[in-house]
Amino acid sequence: MFLSMFHDVFGNQAGSGVFTKASYSSSSNGTYMSKRALSSVDKEKFAAENYFYQINGTSVSSSSLFSRNVKALDACDDEYGGVVVDPDRLPVNPDAFASILRFSLSHWKMKGKKGIWLKLPLERSELVPFAVKEGFQYHHAERGYVMLTYWIPEGPCMLPTNATHQVGVGGFVINDKNEVLVVQEKFYAPSFADLWKIPTGFILESEEIYSGAVREVKEETGVDTEFVEVIAFRHAHNLAFDKSDLFFVCMLKPLSAQIKVDDLEIQAAKWMPLVEFVAQPLIQEDGMFKKIIDICIARLGKHYCGLLPHQVVSKFDGRPSCLYYNVIDDQDVNCKGN
């Protein structure tokens with residue numbers, strides 16, 4: 001009966017190359033075992049490996065007479081001794097996926113692998129319960145997939161955790177008339193009902209801090225700006241979904257003056273005299289807001305230096321990135337900003 005069930009579950013996979021020719025026999029207690037299995041980390045080679053197999057939770061010893069050749073999940077090694085499963089070459093049949101995944105874990109354990117990364121696309125979400133049943137845990141999710149992980153060695157898991165921070169930006173835009181570009185949002189806490197604030201928002205994936213600040217100001221107010229400096233940043237914890245938050249305050253130079261409000265998020269926007277902006281009760285009563293404004297005013301008087309982005313390339317990854325720091329002119333102790 002077992003051979004018939006095995007054929008029903010896996011027979012439709014043979015034509016796709018998931019399984020090669022196999023032979024079977026039972027042990028004295030009715031369990032089955034494979035003595036040799038094929039590695040799929042090198043997709044072009046089939047290396048024979050001895051392994052233990054379980055059926056219905058029963059461990060099978062190597063003295064069994066049953067053997068078969070089976071291919072593990074298509075995967076590649078990562079640089080930390082782990083395995084990354086190919087999400088585009090997963091078995092079509094969920095039951096086949098469960099059995100092949102179980103075998104693959106045994107195979108990777110014998111190979112001394114550590115962390116296993118299993119990315120399941122949204123259209124393969126039916127496989128999630130099978131992976132969780134085998135011991136996989138959620139790592140993170142995006143719109144199109146969920147990432148699960150499995151740590152093979154005994155002891156604490158050493159895989160990196162999911163992203164711990166969200167990153168926001170605020171644009172402090174001041175014109176030649178000493179007016180600050182401010183907005184009132186459509187959705188706010190009752191205590192902020194009368195507050196005029198600088199445009200703020202979250203940066204996008206793979207977006208630089210300076211370009212994110214320019215984009216947010218443009219989206220909310222329609223005003224074009226040029227990045228000057230990062231004036232300050234705030235680090236807070238346990239905010240939305242218990243994530244930490246990095247908020248960068250950027251000084252921007254206006255390149256246009258006409259305001260066009262984003263009707264989806266913004267109730268109103270205007271150019272507000274700096275004196276009136278600073279005098280708002282909520283600004284005066286909040287120590288952090290007041291300090292940020294004090295820093296911005298100090299920068300206008302060239303008594304404070306912010307941070308400028310500088311493109312650098314590190315030999316660690318060979319990729320260009322932005323390093324933010326200031327450059328001082330020793331002659332007049334002024335920043336070499338825009």
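The values are calculated or read from the model by the stated rules, or taken from the named source; none is laboratory data. Keep in mind it's a predicted model, so treat the numbers as computed, not measured. When the accessible area is computed, the model is the full protein with side chains, heavy atoms only, and any ligands, DNA or RNA have been set aside. Shrake-Rupley method; radii C 1.70, N 1.55, O 1.52, S 1.80 Å.
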On the full set of protein chains, 1.4 Å probe, figure out the accessible area of Tyr145 and give it in Å² to the nearest 10.
50 Å²
Under 5 Å between amide hydrogens, which residues at least 5 positions from Asn93 or on another chain qualify, with H placed 1.01 Å from N in the peptide plane?
none
Report, by chain and number, residues whose modeled amide H sits under 5 Å from the one on Lys260, excluding near sequence neighbours (fewer than 5 apart, same chain).
Gly222, Val223
J(HN,Hα) series, segment 161-166, from Karplus relation 6.51 cos²θ - 1.76 cosθ + 1.60, nearest Hz, glycine and proline x
6, 5, 3, 9, 10, 10
For segment 69-133, what does the accessible surface come to per residue with a 1.4 Å probe? Please give it in Å².
46 Å²
Across segment 115-124, in residue order, what do the Karplus-derived ³J(HN,Hα) couplings come to in whole Hz, using 6.51 cos²θ - 1.76 cosθ + 1.60 with θ = phi - 60° and x for Gly and Pro?
x, 10, 10, 10, 9, 10, x, 4, 6, 10
In terms of solvent-accessible area of protein heavy atoms at a 1.4 angstrom probe, what is the ranking of Arg319, Arg124, highest value first?
Arg319, Arg124
Using heavy-atom solvent-accessible surface (probe 1.4 Å) with all chains present, what is the largest-first order of Arg299, Arg234?
Arg234, Arg299
Pairwise centroid distance, computed over Cα atoms, of segment 166-209 with segment 224-299, Å
5 Å
Non-local amide H neighbours of Val173 (under 5 Å, H modeled in plane, Pro and chain starts lacking H): which ones?
Leu181, Leu252
To the nearest Å², the heavy-atom accessible area per residue of segment 159-231 with 1.4 Å probe amounts to 48 Å²
Taking θ = phi - 60°, what integer Hz values does the Karplus form 6.51 cos²θ - 1.76 cosθ + 1.60 yield along segment 244-254, in sequence order, with x for Gly and Pro?
7, 9, 10, 10, 9, 8, 10, 8, 10, 9, x
